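Q: Please see the structure below; I have some questions.
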């Protein structure tokens, strides 16, 4: 099966591009980005605040399986319904800095749509750190799982 | 111009991915690779050049023929580095699609 979500991260650049096509009308795709209860469901995060408008801000809170809480926040700079959301994004208490996210929504057909996300980081090094994050977490999780199994069998 | 070829750009192209898949099973000459595509030979040569420059393919001389092999080490490096990040977004977006499809039928 072809991969629906594509990431383009050119070497040596401080940005990356994420694209994805959906079997959804444009309006529904956009709605998923705007309404708190929908964002909570697909992002798997608690929405503390989400003001979907120009100069609005947002704050999310995610709890990991161990009960540690992580907060994310940003400000919305541009909000054009069914077209575009430009916003900043920051993981609180991390060294990754503030990133700029340009989310563009596009109608492909009556029941299909596409999102194009350009993310710009403070530096190439910070982009690469963020890119490697899920990779590092994957390793940690595998490691923890092994430890768990070992401690159970002990 | 940036002469250093970008590995992610190299694998973003469907023809180049097809070439990698083909060569993954066995080392092949440029002619044998080109015979598998409906594309002009110079186009295939260009793809091979890009894949070689970013080290996804390696060339090996055997008599008068040059064979292309896959560089497994480089392929693994690329896949492992970016794949978990891609997978994270893929999972999120799959969820979004499922949730909004249900929302639509409500």
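Since every read-out is calculated from the coordinates, none of them should be taken as a lab result. Remember, predicted model here, so these are calculated numbers, not experimental data. Cβ sites come from the backbone with ideal geometry, for glycine too, and all protein chains shown count toward neighbours.
Q: Could you order peptides A:17-26, B:33-42, B:54-63 by the average number of other Cβ atoms within 10 Å of their residues, highest first?
A: Working: A:17-26: 19.2, B:33-42: 12.9, B:54-63: 14.9.
Taking the mean over residues of other Cβ atoms within 10 Å, the ranking is A:17-26, B:54-63, B:33-42.
Q: Here is a follow-up. Please work out the C-alpha center-to-center distance from the range B:26-64 to the range B:84-106 and express it in whole Å.
A: First find each Cα centre; the distance between them is then 38 Å.
Q: Who wins for biggest fluctuation among A:125, A:109, A:32 in a Gaussian network model of chain A, springs between alpha carbons below 10 Å?
A: The residue with the greatest mean-square fluctuation here is A:109.
Q: In which sequence would A:130, A:80 go, from the one with the fewest C-beta neighbours within 10 Å to the one with the most?
A: With the sparsest Cβ surroundings first, the list reads A:80, A:130.
Q: If a/c stays under 1.5 just call it rounded; otherwise compare a/b with b/c (prolate if a/b is bigger, oblate if not). Do that for the range A:1-52, with a ≥ b ≥ c from the square roots of the Cα gyration tensor eigenvalues.
A: Taking the square roots of the gyration eigenvalues as a ≥ b ≥ c, the range A:1-52 is oblate.
Q: Would you mind giving the mean number of other chain beta-carbons within 10 Å of the Cβ of each residue in A:38-49, as a whole number?
A: Taking all residues of A:38-49 together, the mean is 2.
Q: Output the 0 to 90 degree angle, nearest 10, between the alpha-carbon long axis of helix B:41-53 and the longest principal axis computed from the alpha carbons of chain B.
A: For B:41-53 against chain B, the angle is about 80 degrees.
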